[in-house]
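Undergrad: Before I ask anything, here is the structure I am working with.
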Amino acid sequence: MERGMDASGGSTEASRQIRVRFTTKLPSPLRLPTTSLAVPSNLSRMGLSEIVNHLLKNMDSEYQFQPFDFLVDGELIRMPLEQFLLAKGISAEKVLEMEYIKAVAPRKEEDPCLHDDWVSAVDGSNTSFILTGCYDGLARIWKGGAVCTHILEGHGGAITSASVINRKGVESENSLYVATGSKDRSLRLWKFDAAEHVEHPLRIRAYKILQEHTSSVQSISSAPSGDMVCSGSWDCSIKLWEVKASEAEGDAVAIKKRKLRSDAAEHEESQLEGTATSTLVGHAQCVSSVVWPELQTIYSASWDHSIRQWDVQTGNETWNMVCGKALNCLDVGGESSALVVAGGSDPVLRIWDPRKPGTLAPVFQFSSHSSWITACKWHTRSWFHLLSASYDGKLMLWDLRTAWPLATIDSHKDKVLCADWWKSDSVISGGADSKLFICSGIQI
Amino acid sequence: MPATMAKSRAAFKKKADHVEQEGPEEPSENGFVRESGDQEEESERSDVVGSSEDEGSSGEGEIDGEDDEEIHQSAEESDSSEDEVAPRNTIGEVPLEWYKDEEHIGYDITGKKIRKQARKDKIDSFLAGVDDSKNWRKIYDEYNDEEVELTKEEIRIIRRLLKGRTPHAEVDPYAPYVDWFDWEDKGHPLSNAPEPKRRFIPSKWEQKKVVQYVRAIRKGLIKFDKPKEEPRFYLLWGDDSSVAENKRHGLSYIPAPKPKLAGHEESYNPSIEYIPTQEEINSYQLMYEEDRPKFIPRRYESLRNVPAYENALKEGFDRCLDLYLCPRTRKKRINIDPESLKPKLPSKKDLKPYPLRCYLEYRGHSGPVNSISIEVSGQWIASGSTDGTVRLWEVETGRCLRVWDVGEAVQHLAWNPLPELPILAVSAGHKVHLLNTGLGDAEEKMRIKELLHVEEVLTDDAGNSVSAVSWIKHEKHDGITLEHLKTVSTVEWHRKGDYFTTIMPSGDSRAVSIHQLSKKHTANPIKKLRAPAVSAVFHPTRPFFFVSTKKNVRVYDLSKNKLIKKLEPGLREVSSIAIHPGGDNVIVGSKEGKMCWFDMDLSSQPYKRLPAHPKDMTNVAFHRSYPLFASCSDDCTAYVFHGMVYSDLNQNPLIVPLEILRGHTSSNGRGVLDCKFHPRQPWLFTAGADSVIKLYCH
């Protein structure tokens, strides 16, 4: 008798039910009727996802299973439902409104693009190709993320940063502009025709060389208008450069033969030298990252532990924040393109809101990495999603609505040095294993 | 007459008693208000008043008791007065009954008995009384045993007294009032004279006296006892014994501790849970004697089986010993928390940032990394290893940029401190190489090339002048090689980047040499060193030069070329030395794992000795800007300390151990061989015998 009582009590404990109503903003084939269901309270995301999938399957027999993520009060569920409610202080008595979204995770991993040396820079801002910079001093264009069509040669040192310049005026496919920064203290601007079809990778040389930095260039970023480039360097300064191949400006000086070892100087084209239009001085140490999100503002992160905001027109510092760690990477995006994310010499990815007055405390902190963070990028369209890469060889996808990473990509065997979004559904990353990995199928 | 008066009074007392019983008591007062004053006088006066009122009344004896007594008193007083003749009898005032059955009534002044007179019988005396007309005036004086005949005068006085009048008739109680305070212009009862001025003016004399006292008080000549403060609260139900104890001096009473009440476990047959198991009993043996339980419960079937108390004899003996040998002093035990004896150190949180965790490793060497050096900007790090290579790394990514094969095990290397001269000085075997790293821009590279160009003539010159060092062009890499006679252990640059020093430990008088890069010149300024030199460092700001030998550290002034100070660490064997960027503090590491902090302003003895590592200390390092210093040792650890040097000369440096950094593995009994701080970040690089360089970040 007693035993029976016990058993029944235990079973009620195990099968505590919570009434849940699933809602969604997804299009109609993925929509569920808005009736409330009772689900066991010990379910976590997996179980909920399974329930939703089964319900959808019942409605449509041809439906393919796919993972879902669940939002309650703007927070992703990452633990058993019961625990989640307890932690958030939500009553289990009421009907729980639960929004389901497609789970963000890479579904496909494409073949890595092999390089000769460490891949130190990657840019995926153009949907048709990927630009990579390498430690062998060459930048490469990978068309469609698979074939190397162009090799940009000329740098005497490792390329640290590469950026595609999206010129508004010139929309044509044939003339694309690219900027690279290198440890040989120079920036180079390249112009190439992405449309032309070639059997072998075409070797092209820069049309403009920008040499004013006295130490290695660490990071470059192009203006949204596409006619300016800014660069941060180890000489603690940020310099702004004109992109235009302006023969008219008159500083077209044919460059002397460079270096002893530049044997390939036979086919000497006319290469221009440019001078910086302005210099932003203020950082005390290496400027490790620059971002130019709006026409008039530049953000920069430095090893002197500060993030600064600069006004392009006046060249003055408008905002400045000290975070206590040497910073390696910086990006601006998120909610109304105002949140600043930065990572540096510790495993914590921090997000600040510069609009919040009087506080230097980060609004979000993500600390799942185990080593330095080398790259962080906001998703171009989503307010919530971002990406980080670290020396521990992992890439992590983050959602601001939960403290746990959405997905961890550990295809790299060594340090990840650079990462970016590509075509808004792929993550591209280059690392010290000389490979460029592309993980696609991320539905955001 | 007075004598007779006295007698008569005494006799009269008797008579008055009789009289009193006869007459009714009459109030002698007639509204006369009695005032306090002399009683006798009063009574007399009242007598007088009474007599004056009841004049002529026939009653003989209306005397109230009170008056009688007063008379009696006055009689007594008169006895003692001088003018009275002492009575014949000398027995004093004793009850006469005592002599009732005697033949004498007392003793005269000479001590002879006074015999009683033969008593007449009543009839005779009566008859005699009838015959004698004066009989009524006779009174028998019992005291003197005689008959006294009162005179008419005396009778009269008695009568007056009985009536309450004055004894003598000539006294007039109602004499007219003489107003003595009577004068002519009397308007007020007393003087009408105005108040004299002195009554209003404070007295000068008093003032002087007060000032005198005040001064005395101020000077402390007069001291007041502080009013004793009564304890406001006291234990109403307090233990008296404790009060007594407090007040007692000398040997104090120590109340015996109250014995614990016996519990169940002390029963002869306690429940089973009180009985300790054998394991527990065994565990008691491991405890200290003091901590062991005094009583171990045991079970007995019945009270009959309980044995005699086994310790009875011993305890009795102990008790006797206690009483006999008891120290008559109270044993004072000091209870000090050992934690409180630790010095107060600031918390580690407040001392952030400091290196904490290893995030980056620089792998590539195939042998123990003997030495590392970080470029001034903090972008590059160079390392030298026993595998005969020098490697150049990028700090940020851990990428090896360049490898020079030197051919011999690299002992030590150092970057030129000038950012525009990225030259590496590498000591390997007998040679010191100056390597051009090629990191600068084109202009700088040219300058360095010029600087590192050695003409062959110069080497010949050096050879001729029997110098210990010859400058030769390096064949493989563009640079200079300095050939020494003996093995070079250390290379250090001067802050201006032109001079550098090398140490040959077995070089005797040429152990320390200073080289000038621009002139390609070598000098041996220091000839005498008692012990083999270990290391040499330039002062960061002044023209001083520190040479550490195995025993001590010598400080030379290079501009005057003389020894100015000798630091005595008192260590067995000095292994390394580092100078605070301020220049006034030096740390010295030793082979025995101890570190000494010298404050140059204080003394030549160490300000602090830090016993840190269990094994050989291989290197010590200061941070250039953060208040940090570190030591590394063959026990595979590096210790990080907070070493704050204050600009205030009165404040001693604050040294706080912060962190022990582990991670290196031991190889051939050697651990961490070198440690250096990043010049700008609070990061520490360590080079290990496991051929790995690690970067510890905050």
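The values are calculated or read from the model by the stated rules, or taken from the named source; none is laboratory data. Because the structure is a prediction, the values reported are computed rather than measured. Counting neighbours? That spans all protein chains shown, and the Cβs are built from the backbone with ideal geometry, glycine included.
Undergrad: Would you say residue B:354 is closer than 30 Å to residue B:637 by Cβ, touching a residue at least 40 places away in the same chain (Cβ under 8 Å), touching a Ser or Thr at 6+ places or on another chain (Cβ under 7 Å) and within 13 Å of chain A (Cβ to nearest Cβ)?
TA: no
Undergrad: I've got another one for you. Residues that are over 46 Å from the mean Cα position of the chain (by Cα) and in the same structural domain as residue B:643 (by TED's automatic domain parsing): list the strands (runs of 3 or more DSSP E) wholly contained in region B:522-610 that include at least 2 such residues. Can you show your working first?
TA: Values: elements: B:533-538, B:544-549, B:553-557, B:562-567, B:574-579, B:585-590, B:594-599.
Output list reads B:533-538, B:544-549, B:553-557, B:562-567.
Undergrad: Out of A:438, A:373, A:444, I need the residue that is more than 14 Å from chain B (Cβ to nearest Cβ) and surrounded by 19 or more Cβ atoms within 10 Å (Cβ to Cβ). Which one?
TA: Just a single option satisfies the conditions, and that option is A:438.
Undergrad: Condition (residue is surrounded by fewer than 24 Cβ atoms within 10 Å (Cβ to Cβ), in contact with a Ser or Thr (Cβ under 6 Å, 6 or more places away or on another chain), at pLDDT 85 or above and of a type in the set (A, V, I, L, M, F, W, C)) applied to region A:209-223: is it met by at least one residue?
TA: Scanning region A:209-223 turns up at least one residue that is surrounded by fewer than 24 Cβ atoms within 10 Å (Cβ to Cβ), in contact with a Ser or Thr (Cβ under 6 Å, 6 or more places away or on another chain), at pLDDT 85 or above and of a type in the set (A, V, I, L, M, F, W, C).
Undergrad: Would you confirm, using the coordinates I've provided, whether residue B:403 is assigned to a strand (DSSP E or B), away from chain A (no Cβ under 14 Å) and surrounded by fewer than 19 Cβ atoms within 10 Å (Cβ to Cβ)?
TA: For residue B:403, the condition - assigned to a strand (DSSP E or B), away from chain A (no Cβ under 14 Å) and surrounded by fewer than 19 Cβ atoms within 10 Å (Cβ to Cβ) - is met.
Undergrad: Can we say residue B:525 is surrounded by fewer than 17 Cβ atoms within 10 Å (Cβ to Cβ) and under 28 Å from residue B:413 (Cβ atoms)?
TA: When the stated conditions are applied, residue B:525 passes them.
Undergrad: Can you name every residue in region A:222-246 that is more than 17 Å from residue A:208 (Cβ to Cβ) and part of a loop (DSSP other than H, G, I, E, B)?
TA: Of everything in region A:222-246, those that are more than 17 Å from residue A:208 (Cβ to Cβ) and part of a loop (DSSP other than H, G, I, E, B) turn out to be A:224, A:225, A:234, A:235, A:236.
Undergrad: Would you confirm whether any residue within region B:450-461 is within 14 Å of chain A (Cβ to nearest Cβ) and surrounded by fewer than 23 Cβ atoms within 10 Å (Cβ to Cβ)? Give the derivation first.
TA: Our first condition is that a residue be within 14 Å of chain A (Cβ to nearest Cβ); within region B:450-461, this holds for none.
No; the residues of region B:450-461 include none that is within 14 Å of chain A (Cβ to nearest Cβ) and surrounded by fewer than 23 Cβ atoms within 10 Å (Cβ to Cβ).
Undergrad: Okay, moving on. Mind counting the residues in region B:141-177 that are among the charged types (D, E, K, R), part of a helix (DSSP H, G or I), in contact with a Lys or Arg (Cβ under 9 Å, 6 or more places away or on another chain) and touching a residue at least 24 places away in the same chain (Cβ under 8 Å)? Let's see the steps before the verdict.
TA: Step one: filter region B:141-177 for residues among the charged types (D, E, K, R), giving B:141-142, B:145-147, B:149, B:152-154, B:156, B:159-160, B:163, B:165, B:170, B:172.
Pick out the ones that are also part of a helix (DSSP H, G or I) and you get B:152-154, B:156, B:159-160, B:163.
Among the residues that remain, those that are also in contact with a Lys or Arg (Cβ under 9 Å, 6 or more places away or on another chain) are: B:152, B:154, B:159.
Right, trim to touching a residue at least 24 places away in the same chain (Cβ under 8 Å) and you get B:154, B:159.
Final tally of qualifying residues: 2.
Residues checked against (1) part of a loop (DSSP other than H, G, I, E, B); (2) in contact with a Ser or Thr (Cβ under 6 Å, 6 or more places away or on another chain); (3) closer than 25 Å to residue B:601 by Cβ; (4) of a type in the set (S, T, N, Q):
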{"site": "B:624", "(1), (2), (3), (4)": "yes, no, yes, no"}
{"site": "B:636", "(1), (2), (3), (4)": "yes, yes, no, no"}
{"site": "B:641", "(1), (2), (3), (4)": "no, no, yes, no"}
{"site": "B:673", "(1), (2), (3), (4)": "no, yes, no, no"}
{"site": "B:681", "(1), (2), (3), (4)": "yes, no, no, yes"}
{"site": "B:695", "(1), (2), (3), (4)": "no, no, no, no"}
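Undergrad: Which of the numbered conditions does residue A:336 fail, given that it passes all the others? Conditions: (1) within 14 Å of another protein chain (Cβ to nearest Cβ); (2) modelled with pLDDT under 85; (3) out of contact with any Pro (no Cβ under 9 Å at 6 or more places or on another chain).
TA: For residue A:336, the failing item is (1).
Undergrad: Looking at region B:104-128, I want the residues that are surrounded by 11 or more Cβ atoms within 10 Å (Cβ to Cβ) and have a partner that is in a helix (DSSP H, G or I) with Cβ atoms under 7 Å, at least 6 apart or on another chain. Which pairs are those?
TA: So the pair list comes out as B:105/B:99; B:106/B:99.
Undergrad: Which residues, taken from region B:95-117, are assigned to a strand (DSSP E or B) and either on the phi < 0 side of the Ramachandran plot or among the aliphatic types (A, V, I, L, M) (or both)? Step through it out loud before you land on a result.
TA: Restricting attention to region B:95-117, the residues satisfying the condition of being assigned to a strand (DSSP E or B) are B:104-107, B:113-115.
Of everything in region B:95-117, those that are assigned to a strand (DSSP E or B) and either on the phi < 0 side of the Ramachandran plot or among the aliphatic types (A, V, I, L, M) (or both) turn out to be B:104, B:105, B:107, B:113, B:114, B:115.
Undergrad: Moving to a separate point now. Return the pair list, or none, for Cβ contacts closer than 6 Å from residues in region B:632-655 that are under 16 Å from residue B:617 (Cβ atoms) and not assigned by TED's automatic domain parsing to the domain that holds residue B:610 to residues that are acidic (Asp, Glu) and assigned to a loop (DSSP other than H, G, I, E, B), at least 6 apart or on different chains.
TA: none
Undergrad: Separate question: Looking at region B:528-566, which of its residues are within 17 Å of residue B:586 (Cα to Cα), without any contact (Cβ under 8 Å) to a residue 40 or more places away in the chain and surrounded by fewer than 18 Cβ atoms within 10 Å (Cβ to Cβ)?
TA: B:543, B:557, B:563, B:564, B:565, B:566
Undergrad: Being closer than 29 Å to residue B:493 by Cβ, within 14 Å of chain A (Cβ to nearest Cβ) and not acidic (Asp, Glu) is the filter here; which residues of region B:357-377 pass it? Quick ask: steps written out before the conclusion?
TA: Pass one, region B:357-377, residues closer than 29 Å to residue B:493 by Cβ: B:358-377.
When the remaining residues are screened for being within 14 Å of chain A (Cβ to nearest Cβ), the result is B:358-364, B:374-377.
Correct list: B:358, B:359, B:360, B:362, B:363, B:364, B:374, B:376, B:377.
Undergrad: In addition: Is it fair to say residue B:346 is under 30 Å from residue A:302 (Cβ atoms) and more than 14 Å from chain A (Cβ to nearest Cβ)?
TA: Yes: the conditions hold for residue B:346.
Undergrad: I'm trying to understand the selection: among the residues of region A:283-333, which are assigned to a loop (DSSP other than H, G, I, E, B) and either within 16 Å of the chain's Cα centre (by Cα) or within 14 Å of chain B (Cβ to nearest Cβ) (or both)?
TA: A:283, A:284, A:285, A:286, A:303, A:304, A:305, A:323, A:324, A:325, A:326
Undergrad: Okay, next question. Quick one: is residue B:613 within 26 Å of residue B:570 (Cα to Cα), touching a helix residue (DSSP H, G or I) at 6+ places or on another chain (Cβ under 9 Å) and more than 14 Å from chain A (Cβ to nearest Cβ)? Spell out the reasoning first.
TA: Details: within 26 Å of residue B:570 (Cα to Cα): yes; touching a helix residue (DSSP H, G or I) at 6+ places or on another chain (Cβ under 9 Å): no; more than 14 Å from chain A (Cβ to nearest Cβ): yes.
So residue B:613 does not fit the description; no.
Undergrad: In region A:111-139, what count of residues is obtained for those that are closer than 19 Å to residue B:397 by Cβ and either in a strand (DSSP E or B) or outside the structural domain of residue A:391 (by TED's automatic domain parsing) (or both)?
TA: As a first pass, look at region A:111-139 and keep what is closer than 19 Å to residue B:397 by Cβ: A:115-123, A:132-139.
Of the ones still in play, those that are also either in a strand (DSSP E or B) or outside the structural domain of residue A:391 (by TED's automatic domain parsing) (or both) are A:119-123, A:132-134, A:139.
Of the residues in region A:111-139, 9 are closer than 19 Å to residue B:397 by Cβ and either in a strand (DSSP E or B) or outside the structural domain of residue A:391 (by TED's automatic domain parsing) (or both).
Undergrad: How many residues are under 15 Å from residue A:159 (Cβ atoms), under 19 Å from the mean Cα position of the chain (by Cα) and not small (Gly, Ala, Ser) when one looks only at region A:114-132? Talk me through it step by step, then tell me what you get.
TA: At the first step, the residues of region A:114-132 found to be under 15 Å from residue A:159 (Cβ atoms) are A:115-123, A:130-132.
Keeping just the survivors that are under 19 Å from the mean Cα position of the chain (by Cα) gives A:118-123, A:130-132.
Applying the additional criterion that residues be not small (Gly, Ala, Ser) yields A:118-119, A:122-123, A:130-132.
Of the residues in that region, 7 qualify.
Undergrad: Scan region A:410-435 for residues that are within 14 Å of the chain's Cα centre (by Cα) and either within 14 Å of chain B (Cβ to nearest Cβ) or closer than 16 Å to residue A:372 by Cα (or both) and jot them down. Show your work before the answer.
TA: At the first step, the residues of region A:410-435 found to be within 14 Å of the chain's Cα centre (by Cα) are A:416-430.
Passing the criteria: A:416, A:417, A:418, A:419, A:429, A:430.
Undergrad: Restricting the search to region B:292-349, which residues are surrounded by 10 or more Cβ atoms within 10 Å (Cβ to Cβ) and β-branched (Val, Ile, Thr)?
TA: Passing the criteria: B:296, B:306.
Undergrad: Let me ask you something else. Just the residues that are of a type in the set (Phe, Trp, Tyr) and crowded, with 24+ Cβ neighbours inside 10 Å, please, taken from region A:324-368.
TA: Listed by number, the list holds a single entry, A:366.
Undergrad: What is the residue count in region A:197-221 for residues that are assigned to a loop (DSSP other than H, G, I, E, B), of a type in the set (Val, Ile, Thr) and within 14 Å of chain B (Cβ to nearest Cβ)?
TA: Count: 1.
Undergrad: Please verify whether region A:86-95 includes one or more residues that are in contact with a Leu (Cβ under 6 Å, 6 or more places away or on another chain), in the same structural domain as residue A:35 (by TED's automatic domain parsing), at pLDDT 85 or above and over 24 Å from residue A:425 (Cβ atoms). If you could, list the steps in order and put the result at the bottom.
TA: Keep residues of region A:86-95 that are in contact with a Leu (Cβ under 6 Å, 6 or more places away or on another chain), which gives A:92.
Restricting the remaining residues to those that are in the same structural domain as residue A:35 (by TED's automatic domain parsing) gives A:92.
Remaining after also requiring at pLDDT 85 or above: none.
Looking for residues that are in contact with a Leu (Cβ under 6 Å, 6 or more places away or on another chain), in the same structural domain as residue A:35 (by TED's automatic domain parsing), at pLDDT 85 or above and over 24 Å from residue A:425 (Cβ atoms), one finds none in region A:86-95, hence no.
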